[in-house]
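A.B. asks: Below is one structure. I have some questions about it.
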Amino acid sequence: MNDLQIRPATADDLPAIVAMLADDPLGAQRESPDDLAPYTAALARLTDDPNQYLVVAVRENRVVGTLQLTVIPGLSRRGSTRSVIEGVRIHADERGSGLGSRLIEWAIDESRRQNCRLVQLTSDTTRTDAHRFYERLGFEATHVGFKMSI
């Protein structure tokens, strides 16, 4: 894994990122790899926001993983800043290689660097393998999440 680089995502990375987002039963229903326009607009918004970190893991000039880290200043927990990990995806031929752990470790380290006191994430209830993965890394399922499509 020494040849692995974790770096900010660029527009050139979007096809690979979107392909990974779409490469599972849930993503296949909600992602559109054939139309990158909305992803390009989203990348511009992310890039303009200093509290957003969209990163890719690159090996041998190939994007093999991604995640988004959001840093959120807050009042609760005595004015603590927290971070949220989203959109963690690993290329199918890299799963089980330890790459997911490396990406999460990067996110935790960056959260510490940003003086966050809490790192949180959500995972769809159907992703039982992901739940075991996050628990192995020390995350606890302490809350129930709610969503509303608008």
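The values are calculated or read from the model by the stated rules, or taken from the named source; none is laboratory data. The structure presented is a predicted model; accordingly, all values stated were derived computationally and were not measured. Heads up, the Cβs are rebuilt from the backbone with ideal geometry, glycines too, and the neighbour counts pull from every protein chain shown.
A.B. asks: Just to be sure I understand, how many residues within the stretch 56-98 are under 20 Å from ASP12 (Cβ atoms) and outside any strand (DSSP E or B)?
C.D. replies: 4
A.B. asks: Another question, if that's okay. Using beta carbons and a limit of 7 Å, which pairs, at least six apart or on different chains, have the first residue in the stretch 93-115 and more than 16 Å from VAL58 (Cα to Cα) and the second one among the polar types (S, T, N, Q)?
C.D. replies: Taking only residues 6 or more apart or on different chains, the pairs are SER111/SER83; GLN114/THR81; GLN114/SER83; ASN115/THR81.
A.B. asks: So is GLU60 without any contact (Cβ under 8 Å) to a residue 40 or more places away in the chain and either out of contact with any strand residue (DSSP E or B) (no Cβ under 8 Å at 6 or more places or on another chain) or closer than 23 Å to GLU135 by Cα (or both) or not?
C.D. replies: Details: without any contact (Cβ under 8 Å) to a residue 40 or more places away in the chain: no; either out of contact with any strand residue (DSSP E or B) (no Cβ under 8 Å at 6 or more places or on another chain) or closer than 23 Å to GLU135 by Cα (or both): yes.
It is false that GLU60 is without any contact (Cβ under 8 Å) to a residue 40 or more places away in the chain and either out of contact with any strand residue (DSSP E or B) (no Cβ under 8 Å at 6 or more places or on another chain) or closer than 23 Å to GLU135 by Cα (or both).
A.B. asks: Then there's this: Being surrounded by fewer than 12 Cβ atoms within 10 Å (Cβ to Cβ) and out of contact with any strand residue (DSSP E or B) (no Cβ under 6 Å at 6 or more places or on another chain): is that true of SER97 here?
C.D. replies: Working: surrounded by fewer than 12 Cβ atoms within 10 Å (Cβ to Cβ): no; out of contact with any strand residue (DSSP E or B) (no Cβ under 6 Å at 6 or more places or on another chain): yes.
No: the conditions fail for SER97.
A.B. asks: Give the residue, chosen from THR66, THR81, that is under 20 Å from ALA107 (Cα atoms), among the β-branched types (Val, Ile, Thr) and free of Cβ contacts under 8 Å to residues at least 40 places away in the same chain.
C.D. replies: Answer to the check: THR81.
A.B. asks: On to the next question. Determine whether the stretch 6-16 contains at least one residue that is farther than 28 Å from SER97 by Cα and either outside any helix (DSSP H, G or I) or of a type outside the set (Phe, Trp, Tyr) (or both).
C.D. replies: Initially, the stretch 6-16 is screened for residues farther than 28 Å from SER97 by Cα, giving none.
Checked the stretch 6-16: no residue is farther than 28 Å from SER97 by Cα and either outside any helix (DSSP H, G or I) or of a type outside the set (Phe, Trp, Tyr) (or both).
A.B. asks: Out of ALA22, ALA42, report the one residue that is surrounded by 12 or more Cβ atoms within 10 Å (Cβ to Cβ), of a type outside the set (Ser, Thr, Tyr) and more than 22 Å from ALA130 (Cβ to Cβ). Explain how you work it out, then say what you get.
C.D. replies: Values: ALA22 fails: more than 22 Å from ALA130 (Cβ to Cβ).
Checking each option against the conditions leaves just ALA42.
A.B. asks: Scanning for something at pLDDT below 95, touching a strand residue (DSSP E or B) at 6+ places or on another chain (Cβ under 7 Å) and surrounded by fewer than 16 Cβ atoms within 10 Å (Cβ to Cβ), does the stretch 7-19 turn up at least one residue?
C.D. replies: No.
A.B. asks: If you don't mind, there's one more thing I want to ask. From the residues in the stretch 115-150 that are farther than 20 Å from ARG82 by Cα and part of a loop (DSSP other than H, G, I, E, B), which one is modelled with the highest pLDDT? Talk me through it step by step, then tell me what you get.
C.D. replies: Step one: filter the stretch 115-150 for residues farther than 20 Å from ARG82 by Cα, giving 124-133, 136, 148-150.
Then keep just the ones that are part of a loop (DSSP other than H, G, I, E, B); that gives 124-127, 148-150.
Numbers: ASP124: 88, THR125: 88, THR126: 89, ARG127: 89, MET148: 90, SER149: 88, ILE150: 93.
The extreme case among them is ILE150.
A.B. asks: Please state which of the following conditions THR126 fails to meet, knowing it meets all the rest: (1) of a type outside the set (A, V, I, L, M, F, W, C); (2) without any contact (Cβ under 8 Å) to a residue 24 or more places away in the chain; (3) closer than 22 Å to GLY27 by Cβ.
C.D. replies: For THR126, the exception is condition (2).
A.B. asks: Report yes if some residue within the stretch 102-114 is loosely packed, with under 12 Cβ neighbours inside 10 Å and under 23 Å from ASP3 (Cβ atoms); otherwise report no.
C.D. replies: yes
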